[in-house]
Amino acid sequence: DGVSYQVSRPYNSDPARVRGLELAWQRFFVDGPDAWRGLGLQANYTLVDSVTPDRRLGQEVPLQNLSRHSLNLIGSYERGPWRARLAWNWRSRFLSGTAGVVGLGTLPIYTRPYGWLDGAIGWHLTDRVSITLEGGNLLGTLRRTDYGAATRPQGAWVNDRQWALGLSVRL
């Protein structure tokens, strides 16, 4: 009908290779001493090797936002009206982007290793009503980035601890 349209769509970037492995373990105690019943533990470790060409840097780099090492440890408890969960996550240094710097050209930006702790506790008041308190970033983790070396800092930030109180009613 005489109308012109410009259509664009996302394309995949250059080819990449990702290889890795994950080791996981979990145990939920249903037998044994009374104090152990309802307790659960989970752990996993992931190792990832990735590579893709970066035209801006003129070299091969790991995929952005993908750590080579990550570790998760989770403790949980669920018994009677109570439930609780504490989760600690750690990841190694990773490429988080690039930046153009006057006089230096394009530089990689890396996020340094950091750990993160979240938790929650809940109580079933009745079969239909429960209350939950959740907390995020309980350690007040400071995250830092640099231009490829710790001696060239790029930024630092903290996501404040976050708290949520929830009431759930099942109709």
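Values quoted throughout were computed directly from the atomic coordinates according to the rules given, and no laboratory measurement underlies them. Since this is a predicted model, take the numbers as computed values, not measurements. Positions of Cβ are backbone-derived with ideal geometry, glycine not excepted, and every protein chain shown enters the neighbour counts.
Summary table
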{"read-out": "Relative contact order, percent, region 8-160 [alpha-carbon distance under 8 Å, six or more residues apart]", "value": "15 percent"}
{"read-out": "Cα-based equivalent ellipsoid of region 1-96: semi-axis lengths in Å, sorted from largest, via gyration tensor", "value": "44, 22, 10"}
{"read-out": "Cβ crowding within 10 Å averaged over residues, with 71-78, 146-153 ranked highest first", "value": "71-78, 146-153"}
{"read-out": "Lys/Arg +1, Asp/Glu -1 at C-beta; region 4-47 dipole; positive extreme among PHE28, LEU41, ALA16", "value": "ALA16"}
{"read-out": "Cβ-derived FRET efficiency at R0 30 Å, ASN159 paired with ASP31, nearest 0.05", "value": "0.15"}
{"read-out": "Net charge of Cβ neighbours under 9 Å - reference PRO113; Lys, Arg +1; Asp, Glu -1", "value": "+3"}
{"read-out": "Rg [Å, one decimal], Dmax [Å, integer] - region 40-84, C-alpha atoms", "value": "18.6, 59"}
{"read-out": "Virtual paramagnetic centre 7 Å along Cα→Cβ of ALA24, amide N under 17 Å, in region 38-77", "value": "40-48, 70-76"}
{"read-out": "Gyration tensor (Cα) of region 100-171, equivalent ellipsoid semi-axes in angstrom", "value": "43, 11, 8"}
{"read-out": "Highest average packing first - 79-90, 23-34, 108-119, Cβ atoms within 10 Å", "value": "108-119, 79-90, 23-34"}
{"read-out": "Debye intensity ratio in log₁₀ form over the Cα atoms of the chain, taken at each q of 0.09, 0.16, 0.18 Å⁻¹", "value": "-0.53, -1.05, -1.18"}
